[in-house]
Amino acid sequence: NRGYAFHKRFLQHLQWQRAGNRWLLNMPFQLFALDALFETYPNALVVHVHRSPKDVVASWCSLVGAVRKELIEEVDLDAVGQKELEVIANMVDHSMDFRAKNSHLQKQFLDVHYDDLINGPMEMVKKIYRHFKIPMNKRARDSMWAFINENKEHKDKLKRSYALEEVHLTEEQVRTAL
């Protein structure tokens, strides 16, 4: 896959003077291309964070709507809601199909719940490290605790609730699609 070949080359370029042991990538749209991801990065480890479908759709639509408002004067929130719900449903279907067809990769996946990550970040990180058999040294642990302690005031922002009504969707529409 040319896209992921470029992706890998770009990441190598970014770290050429500061090599590390692993990359941490946070992008839900990689669920669309798990085949290409594993073709390019056969040893990839995927932490799949799950959230309430209505929260995911509302949050994502809010982001898309905000970006579009910066670029376009008139934003059709009905269209944003319908289109992004379709995109998210396709992404979820694709990832579920990939995982079902590639059971030999299941040890390279860990499913976690968003609320568990937000409410107990260090416990979740320990779970992730244990699952993937990654040793956690004191320096890494201390750095993580420092980050958590320095960013406590931002925790409430991560719990912000978004309304489906902003993009003219209902919980029933989300339940049906997902």
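Worth a mention:
- Sites Phe29 and Ala100, calculated FRET efficiency, Cβ-Cβ separation with R0 22 Å, nearest 0.05: 0.65
- Where Cα atoms sit under 25 Å apart: lysine pairs in the chain separated by 8 or more or lying on different chains: 28
- Taking the protein heavy atoms of the chain in the context of the full set of protein chains, the accessible area attributed to carbon and sulfur is 54 percent at 1.4 Å.
- Percentage relative contact order, the chain, counting C-alpha pairs under 8 Å, at least six apart: 34
- Listed residues Leu14, Leu31, Leu164, most fluctuating in the chain (Gaussian network, C-alpha, under 10 Å): Leu14
- With all protein chains kept in place, the per residue accessible area of the chain amounts to 71 square angstrom at a probe of 1.4 angstrom.
- In this rough spin-label picture, where each label sits 7 Å from Cα along the Cβ direction, the Lys83-Asp115 distance is 3.3 nm.
- Gain upon complete extension [Lys8, Glu70; 0.36 nm per residue less C-alpha separation]: 19.3 nm
- Helix-only CD estimate at 222 nm, as mean residue ellipticity for the chain, using -39500 (n - 2.57) per DSSP H run (n ≥ 4): -18000 deg cm²/dmol
- Using a Förster distance of 30 Å, the FRET efficiency for Arg51-Ser143 (Cβ separation, nearest 0.05): 0.70
The values are calculated or read from the model by the stated rules, or taken from the named source; none is laboratory data. Computed from a predicted structure; not experimentally measured. Because the Cβ atoms are built from the backbone with ideal geometry, glycine has one as well, and the counts that use them run over all protein chains shown. These accessible areas exclude ligands, DNA and RNA; they are computed on the full protein's heavy atoms, side chains included. Shrake-Rupley method; radii C 1.70, N 1.55, O 1.52, S 1.80 Å.
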